Every structure is written in C-alpha cells, then in structure tokens.
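Report on one structure; see the data block that follows.
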Amino acid sequence: MQVLRRYLEEPNVGDSFRTLFEQVLEDLLVGGFGSVEMEATGDAARPFHLWAVDGATIEIDSTWDGDPAKPRYAQSRGNLGTQKRTPLLDDELMYLRLNPRTHTPFGLG
C-alpha cells in the first residue's frame, strides 16, 4: 500500500497526482473521454509510471475480443493525412468514458 500511495502521489517525474488527474478529468468533463497511459518499468522500487494522454487521439477497436495480447486501443498522432497509429494493449491504457451508451463506446461530453 505504501508503494502504491507513493507512486500515485508522484505518478511520473513531471507530475503529481493532482496535475496528472486534472488533465484527465478536464478531458473527461469536456470531451466525454479521459486517458492515462500505464507504463510498467520492471523496477521493484518504481514499478510503474502513469502519463496523461489526449483522449481525443485514442481510437477504440470495437472488434477487440478480450485477448490481452491484441491491441484494444490505438493512438493517432500527426497531421491529418499523415497520422501514425500507435497500438496500445488493454493493460497499457486506462480509458475513462463519461456516461457511456449502449450503441457507442462514447458518452456525451
């Protein structure tokens, strides 16, 4: 519990819990989506990092079958027409939805 608390207080080298989740909650309230990238470090002293991600750049694979080895999300980056997609596994991204609906993975922002 102490390790978890310490790393939530300082989720990465540049953010505190507050600065990280202020960004995520703003995206959630305004856009209906919020995203946090989870990075395992393999270091027992610092087992993970958390990074705020622009939720508007995340694409959800609606055909994902629950296989943890297959990407569930992709992040689109770059200019329109030259976008690059970075696949993300389910254990690499927390995707928060505000008021999700049955016919779409997106809520109303």
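If I ask for residues that are more than 15 Å from LEU8 (Cα to Cα), surrounded by fewer than 18 Cβ atoms within 10 Å (Cβ to Cβ) and among the small types (Gly, Ala, Ser), which ones from region 45-56 would you list?
Step one: filter region 45-56 for residues more than 15 Å from LEU8 (Cα to Cα), giving 53-56.
Now restrict to residues that are surrounded by fewer than 18 Cβ atoms within 10 Å (Cβ to Cβ): 54, 56.
Of everything in region 45-56, just one residue is more than 15 Å from LEU8 (Cα to Cα), surrounded by fewer than 18 Cβ atoms within 10 Å (Cβ to Cβ) and among the small types (Gly, Ala, Ser), namely ALA56.
Please go through region 2-17 and give me each residue that is in contact with a helix residue (DSSP H, G or I) (Cβ under 9 Å, 6 or more places away or on another chain) and assigned to a helix (DSSP H, G or I), ordered by number.
If the condition is that a residue be in contact with a helix residue (DSSP H, G or I) (Cβ under 9 Å, 6 or more places away or on another chain) and assigned to a helix (DSSP H, G or I), then LEU8, GLU9, PHE17 are the ones that fit.
Out of the residues in region 2-43 that are open to solvent by 50 Å² or more (accessible area, probe 1.4 Å), charged (D, E, K, R) and in contact with a strand residue (DSSP E or B) (Cβ under 6 Å, 6 or more places away or on another chain), state the one that is farthest from LEU88 (Cα to Cα).
Going through the qualifying residues, I end up with GLU39.
What strands (runs of 3 or more DSSP E) completely inside region 40-95 contain at least 2 residues that are under 23 Å from ARG5 (Cβ atoms)? Don't jump to the end; show me each part of the working.
Details: elements: 46-53, 58-60, 73-77, 84-88.
Hits in region 40-95: 46-53.
Among the residues in region 73-90, are any in contact with a Leu (Cβ under 8 Å, 6 or more places away or on another chain) and either open to solvent by 60 Å² or more (accessible area, probe 1.4 Å) or touching a residue at least 40 places away in the same chain (Cβ under 8 Å) (or both)?
Of the residues in region 73-90, the ones in contact with a Leu (Cβ under 8 Å, 6 or more places away or on another chain) are 73-75.
Imposing the further condition that a residue be either open to solvent by 60 Å² or more (accessible area, probe 1.4 Å) or touching a residue at least 40 places away in the same chain (Cβ under 8 Å) (or both) reduces the set to none.
No: region 73-90 contains no residue that is in contact with a Leu (Cβ under 8 Å, 6 or more places away or on another chain) and either open to solvent by 60 Å² or more (accessible area, probe 1.4 Å) or touching a residue at least 40 places away in the same chain (Cβ under 8 Å) (or both).
Based on this model, can you work out whether THR102 counts as free of Cβ contacts under 8 Å to residues at least 24 places away in the same chain, polar (S, T, N, Q) and open to solvent by less than 40 Å² (accessible area, probe 1.4 Å)? I'd like the intermediate steps shown before the answer.
Values: free of Cβ contacts under 8 Å to residues at least 24 places away in the same chain: yes; polar (S, T, N, Q): yes; open to solvent by less than 40 Å² (accessible area, probe 1.4 Å): no.
It is false that THR102 is free of Cβ contacts under 8 Å to residues at least 24 places away in the same chain, polar (S, T, N, Q) and open to solvent by less than 40 Å² (accessible area, probe 1.4 Å).
The values are calculated or read from the model by the stated rules, or taken from the named source; none is laboratory data. Remember, predicted model here, so these are calculated numbers, not experimental data. Please note: Cβ atoms are built from the backbone with ideal geometry, for glycine as well, and neighbour counts cover all protein chains shown. To get the accessible areas, we keep the full protein, side chains included, count just its heavy atoms, and leave off ligands, DNA and RNA. Shrake-Rupley method; radii C 1.70, N 1.55, O 1.52, S 1.80 Å.
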